[in-house]
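S.K.: The structure under discussion is supplied below as structure tokens; questions concerning it will follow.
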Amino acid sequence: MLSRNEARVAAMKCLYQIDILKQAMLPYDMDEVMKENLDVENEFVKDIVYGVETTQDEIDELANKYLNNWDISRLDKAGAAILRQGIYEMKYMDTPPIVIINEAVELAKEYCDEDLVKMINAVLDKIMKES
């Protein structure tokens, strides 16, 4: 069984891969992408991946509102995936916002540059304060 931290890493990798496939206009199956990134099925990962995919326009609009003269499409794919899943989890799941921010920042430290880590932290913090 995956820890929540491990599940968030798997979800980010799935969202990253789906984003690349969409940009290349290649067909994909979300369940297959998840199977490639997970040893066992995980409902938490499935909730995040399907949730982000179905609410991505709303998530991107909210991210763009707080990205200060930036757009989520300008972020690298890993950073965009981390930010999208953080926003989704904050808006649609029961995880405490401070946990979501901490997990997103730690994930960003591993996969993104320092400027993007700060950006993800700032956007999620503003969304938390807005809620």
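S.K.: Taking into account only those residues within segment 1-20 that are over 9 Å from the mean Cα position of the chain (by Cα) and aliphatic (A, V, I, L, M), which is surrounded by the fewest Cβ atoms within 10 Å (Cβ to Cβ)?
M.R.: Met1
S.K.: Of the residues Met90, Met119, which is in contact (Cβ under 8 Å) with a residue 40 or more places away in the chain, in contact with a Gly (Cβ under 8 Å, 6 or more places away or on another chain) and of a type outside the set (Asp, Glu)? Can you show your working first?
M.R.: Numbers: Met90 fails: in contact with a Gly (Cβ under 8 Å, 6 or more places away or on another chain).
On inspection, the qualifying residue turns out to be Met119.
S.K.: Take segment 36-47 and flag every residue that is under 10 Å from Cys14 (Cα atoms), at pLDDT below 95 and not acidic (Asp, Glu).
M.R.: First pass over segment 36-47, keeping only residues under 10 Å from Cys14 (Cα atoms): 36-38, 45-46.
Restricting the remaining residues to those that are at pLDDT below 95 gives 36-38.
Within segment 36-47, Asn37, Leu38 meet the criteria.
S.K.: Select from segment 64-106 the residues that are over 26 Å from Asp29 (Cβ atoms), surrounded by 17 or more Cβ atoms within 10 Å (Cβ to Cβ) and of a type in the set (A, V, I, L, M, F, W, C) and write down the one among them that is modelled with the lowest pLDDT.
M.R.: Only one residue tops the list, namely Leu67.
S.K.: Could you go through segment 79-97 and let me know if any residue there is touching an Asp or Glu at 6+ places or on another chain (Cβ under 7 Å), outside any helix (DSSP H, G or I) and of a type in the set (Ser, Thr, Tyr).
M.R.: Yes, that holds for at least one residue.
S.K.: Return yes when Thr54 is in a helix (DSSP H, G or I) and among the hydroxyl-bearing types (Ser, Thr, Tyr) and no when it is not.
M.R.: Details: in a helix (DSSP H, G or I): yes; among the hydroxyl-bearing types (Ser, Thr, Tyr): yes.
Here the answer is yes, as Thr54 does meet what is asked.
S.K.: While we're on this one: So which residues in segment 102-131 are more than 23 Å from Ile18 (Cα to Cα) and either of a type in the set (A, V, I, L, M) or outside any helix (DSSP H, G or I) (or both)?
M.R.: If the condition is that a residue be more than 23 Å from Ile18 (Cα to Cα) and either of a type in the set (A, V, I, L, M) or outside any helix (DSSP H, G or I) (or both), then Ala122, Ile127, Met128, Ser131 are the ones that fit.
The values are calculated or read from the model by the stated rules, or taken from the named source; none is laboratory data. Bear in mind the structure is a predicted one, so any value in this text is a computation, not a measurement. Glycine gets a Cβ as well: all are built from the backbone with ideal geometry, and neighbour counts include every protein chain shown.
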